[in-house]
Every structure is written in C-alpha cells, then in structure tokens.
C-alpha cells in the first residue's frame, strides 16, 4: 500500500495487488446478544431459520452525512429484527472516493453480534469524496476477492454512482486504479444472490444510471430513512421466500398502514 499525506490522499497509487489490503477478514462467529427493541417482534422459531447473509454498503461522502447518521440509528433495530427471523450475518462497509485514502473503503467483516455491529457503525467516519462519482467500482473489485458460501445480498445506500459510467456528463476524474465498474459488477452479480440500491438521489440523471447498475427490480428511492428497516427486512425475507409471512407479521404487529407503506415501496422499485 502506498504512503499517505496528511490530507489522506494517496501519495502513490497502489497497484492492483494492494486491493488485498481492503479485503474483508473473517472473524469468529459469536452467539447473538439479548434482543433489543425492533419494529417487528418475531415469534420464537420452532425450527431452523432460513440462512442469508447481507452486506450493507453506505456512501460516507459529504452529501450523504445526514443519511449515514440516520442509517446508524436504524441499523441496530434492523440487525435485531433480521436475527429474529433469519440465520444471518451482516457486513458493514463505508464507501468514499479515491482521494479519501484509507477511508476509500471502511470494511467491517461479517458478524451476527449486534454489539459488534454497533461498534462497526460507530467507527464509520465521514469522508470528503472528490468528484461526483464515488469509488463503487473499487468496492465491487474488493467484494469479488471473497467467496460467498452462504447466499448473500448486497444493499447499497447512496446518492451517487461509480466512476466512468458512459452516460454521466458531470465531473468525473475516473478511477486511478483503472478498475472497470461494469466488468467487476457483472462478475459480482454472479457471486451474490442479489444487489439492491437504496437511492437518496434527486438528480434524474443519477437515478437513471443507478437503475443501470441494479436493474429494474433493484432500485428503491427512499425519502424517509425511518422506513429503511421494514424495507430491508422485507427484501431479505423475499430472498428466502417468506415475504408473505413477514408482511402478515408486520400487519398484525404494526397495523395495515405500515404494511401498505412497505408494499408501496416494493411496488415502486425500478
């Protein structure tokens, strides 16, 4: 890995092999802690829970600050809620830009321990970013270095796009490592169960490019981060074929209005 200046910019661009420094390292699984309040209180399971892992990648650059803070507030409830319904491990990644040096990718490996997850969220720090696109192509490259023996979904929360997308007409300094977003994303789609993007963007051009990334059924516009928990829980339960059961549980515990909100979000995808 190259050395770093006080601004955290790269002094020397690392070669391709240096991406291994960002590679997630496995940690020993531990038993889930005692339950904390969550939006849905799942009944105790009498059989094995469906198995699924989830990667949450959050844009940490300046325009996303308020969203990241809200995501931090909600992730504990999300993790506890998912752990009641699924046999799940969660990985958290902060995504900045190439000018953020070591902050370009802040990777906290998979865990099922919600306290450890909370610590990981607290350690995510805001980054400056450079141009409008962020280093998502580098995220895809790093995630392609890992094997996924368990079905895994990637959920990205951002108002931006990777570098070097053909139809982007705004500022773009490109990827200094020469990583091609399309090559890496296509490879990653074959390794993961599904890639979703929760968009905080308001620019129609950005939204159109985000739709290119994840396809017609993978993009969600979310104006209210309070609905992130129910949306992500619904997506994960859908992946294991138990969406109907989750929606029925949500309606019983939180009422028909909350169910309709989630149904509207799911119906608006793409």
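Read-outs: derived from the displayed coordinates by stated rules, not from any lab. The structure presented is a predicted model; accordingly, all values stated were derived computationally and were not measured. Note: ideal-geometry Cβ built from the backbone for every residue, glycine included; neighbour counts use all protein chains shown.
Key figures for this structure:
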read-out: Whether region 184-270 is rounded, prolate or oblate, judged on the alpha carbon gyration tensor where a/c under 1.5 counts as rounded; value: oblate
read-out: Long-range tail of P(r) for region 54-267 (Cα pairs > 25 Å, %); value: 35 percent
read-out: Antiparallel bridges, percent of DSSP beta bridges restricted to region 54-267 (to nearest 5); value: 20 percent
read-out: Per-peptide average of other Cβ atoms within 10 Å, ordering 92-101, 243-252 highest first; value: 92-101, 243-252
read-out: Alpha-carbon Rg/Rh ratio, for region 59-163, with Rh computed the Kirkwood way; value: 0.96
read-out: Protection proxy ranking of 104-116, 161-173 - average other beta-carbon atoms within 10 Å, highest first; value: 104-116, 161-173
read-out: Alpha carbon convex hull of region 152-199, volume per residue in cubic angstrom; value: 92 Å³
read-out: Cα centroid separation - region 73-117 against region 183-223, whole Å; value: 19 Å
read-out: Reduced Cα scattering model of region 116-179, Debye log10 I(q)/I(0), q = 0.18, 0.25 Å⁻¹; value: -0.87, -1.21
